[in-house]
Amino acid sequence: MKKIHLTAEQKYNLEGYKFVLPWLIGFIFFFAYPFFSSLILSFGKVIDVANFEIKSVGWQNYIKAFVVDVDFTPKFLETVRNTLIDTPIIIIYSLFIAILLNKDLKGKGFFRIVFFLPVLLGTGLVMKQLLGTQLDKELLQAVTGRAETSDTQVMAGAISTPELFTTYLSPDVAKVVQNIFNRLSFILWMSGIQILIFMGALQGVPIELYESAHCDGASSWEMFWKITLPMITPSILLNVIYTLIDSFTNVDNKVMEYTIKVAFTNMEFGYGAALGWIFFMFIGIVIGLVFLILGRFVVYLGDR
Amino acid sequence: MNVENTQIEMTKRERTAPLDANFFKKRMSQIVVKALVYILLIEFMFVFLFPFLYMFTNSLKGPLHLADISSKWIVRNPQWDNYREAMDKMSYWRGLKNNLIVVLSSALGQILSCSFIAYGLARFDFPGRNLIFALVLFSLIIPPQVLVIPLYIQYSNLGMLDTFWPIILPTYFGMGLKGGLFIFIFRQFFRSLPRELEEAARIDGAGTFRTYISIVLPLARSPILVTAILSIVWHWNDSFQPSVYLMVPERSLLSMSLNLLMTDVKNVYESASGMIVSPLGMAGAILIILPLFIMYIFLQNKFTQGIERTGLAN
């Protein structure tokens with residue numbers, strides 16, 4: 001066998017494998033293996049849990065999700081709708097706040113503390129508790145003693161200011177306004193990290209660009225559209241992807257909740273895996289589209 | 001900040017020129033804009049502070065207070081006992097201990113493994129490097145729902161269910177909760193670091209591993225801080241993994257014991273305005289976020305600086 005001669009530089013570079021070795025091990029056991037077995041699982045049914053014996057059932061699980069199971073489709077559509085509505089709002093809102101926080105203001109430190117609070121608490125059951133989604137219908141009946149409970153009560157979370165609305169508006173209007181308000185404040189709570197990323201990006205825009213534009217008589221409005229926005233396109237892309245990823249484990253994600261229930265309460269592993277894959281397909285398509293559409297507008301400084 | 005500074009400079013320059021109506025107009029509009037900015041910020045701030053105020057006042061109410069429509073925000077003789085009761089009912093200290101074990105060991109795991117792996121990806125140009133980095137990013141966009149079922153079966157065969165291992169173990173291999181994101185943060189930071197120090201160490205005969213431990217890692221203070229805080233916060237709030245892997249009460253985390261409080265009918269009341277309120281649940285929620293909040297107050301300055309320095313944005 002012919003001996004391969006390596007230069008010192010090549011030998012040095014091969015040491016990189018030493019560093020990524022832990023990742024490779026982790027990737028195989030905690031990612032690649034579960035990834036492919038869940039794909040197989042989604043087309044089958046577990047007969048023997050201990051030995052992971054699977055009987056293939058073809059597309060049955062997927063068909064069941066959309067045709068047989070009356071619970072899944074509405075939950076899936078709701079999640080799809082929420083994701084598609086929330087993401088642009090989060091992006092625009094967090095960019096807006098980042099621009100405001102980036103100005104020279106008195107009490108900037110204090111504002112920052114408050115606006116990053118959602119980073120701490122924007123997830124988790126505490127949040128869910130605030131939104132009041134924790135309260136299920138049975139519990140409400142036990143408390144109020146009424147069989148019919150209105151949406152207003154289910155939405156009894158702290159984040160809304162329902163009392164104001166219900167006092168001054170007619171019940172129907174109040175309900176609509178309240179729903180919007182509930183969602184909106186929930187959305188605002190999801191945007192902590194995005195604000196941070198935008199703030200970093202805004203500070204990275206070279207000041208010379210603004211100076212020369214100012215000399216040329218550009219207004220702040222023009223400068224925003226012609227300088228700021230193109231310069232921060234990479235972080236807009238990053239933020240869109242991050243927001244989408246963040247929504248997977250969101251407490252508001254009904255599909256996630258339902259998947260856990262199907263898999264671990266009803267012990268239908270195959271069906272649960274199929275539900276996971278349906279959701280993944282949806283997210284994959286959205287991320288693909290985002291890259292296709294936003295990718296065109298992204299400006300990298302290195303390109304010039 | 002930048003824009004503002006230049007504008008101030010410009011106005012200074014203009015001051016030397018004869019004052020005209022245009023100047024006053026500009027000045028006025030600047031003041032108006034500034035006032036608007038403050039109003040907007042305070043407005044939005046309310047959205048974030050309101051829940052805390054609401055939680056706090058309601059956590060101090062008893063059934064009698066809730067029935068009294070006249071006391072919404074200010075509570076007469078607050079029921080501090082609610083906190084003691086919430087602590088008892090959710091076995092707060094046990095939950096806190098479990099939380100600390102899980103959160104601190106996972107954060108440590110992610111700091112050690114993600115920085116190590118990221119260094120390999122940032123500094124060595126070995127075949128397959130780009131593929132690995134692409135896979136790191138790919139692992140980020142896979143919803144955990146897809147992986148959880150085979151992982152559950154895997155852990156159950158290993159006898160690891162109802163232990164903390166399913167949550168902690170992956171963090172030591174660069175996986176775990178959003179592990180890919182931390183690899184990404186560290187890689188960005190290492191790439192921005194000048195190579196001179198490492199090359200000097202290499203010439204002096206230090207191995208790559210030693211160079212990493214004694215030279216590179218001490219320089220990476222800001223990404224370590226960012227990773228530590230984000231990892232602690234996300235693990236603290238995570239309800240997905242515990243709800244799948246931890247079922248016995250001895251192992252339950254704080255977030256799960258909140259569920260017990262919320263679904264306990266005896267502690268949930270209908271207030272005079274028709275809202276369903278659980279004062280104990282509110283007290284419990286405050287108790288859960290209190291440790292995080294204290295940590296945040298102490299570290300927030302370093303945290304925001306760290307984010308800016310790690311170049312998360314680029």
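A short reminder: the numbers here are calculations on the coordinates, not readings from a lab. Only a predicted model underlies this, so the values are computations on that prediction, with no experimental measurement involved. Here the Cβ is made from the backbone with ideal geometry for all residues, glycine too, and neighbour counts use every protein chain on show.
Summary of values
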{"item": "J(HN,Hα) series, segment B:83-91, from Karplus relation 6.51 cos²θ - 1.76 cosθ + 1.60, nearest Hz, glycine and proline x", "result": "5, 5, 5, 4, 4, 4, 5, 9, 6"}
{"item": "Nonlocal amide H pairs with residue A:44, under 5 Å, H built at 1.01 Å", "result": "A:57"}
{"item": "Stokes-Einstein D for segment B:90-262, Kirkwood Rh over Cα pairs, 37 °C, 0.692 mPa s (µm²/s)", "result": "187 µm²/s"}
{"item": "Nearest-0.05 FRET efficiency for residue B:200 and residue B:46, computed from C-beta distance (R0 45 Å)", "result": "0.25"}
{"item": "Distance-filtered residues of segment A:196-215 - backbone nitrogen under 19 Å, label point 7 angstrom along residue A:226 Cα→Cβ", "result": "A:205-215"}
{"item": "Which of A:110, B:126, B:240 has the fewest Cβ neighbours within 10 Å, and the rest in rising order", "result": "A:110, B:126, B:240"}
{"item": "Amide H contacts under 5 Å for residue A:54, placed H, 5+ residues apart", "result": "A:47"}
{"item": "Theoretical gain in end-to-end length, residue B:191 to residue B:39 [0.36 nm per residue, Cα-Cα removed]", "result": "50.7 nm"}
{"item": "Gain in span if fully extended, residue B:156 to residue B:22, counting 0.36 nm per residue against the direct Cα distance", "result": "40.7 nm"}
{"item": "Shape of segment B:108-168, Cα gyration tensor, a/c cut at 1.5", "result": "prolate"}
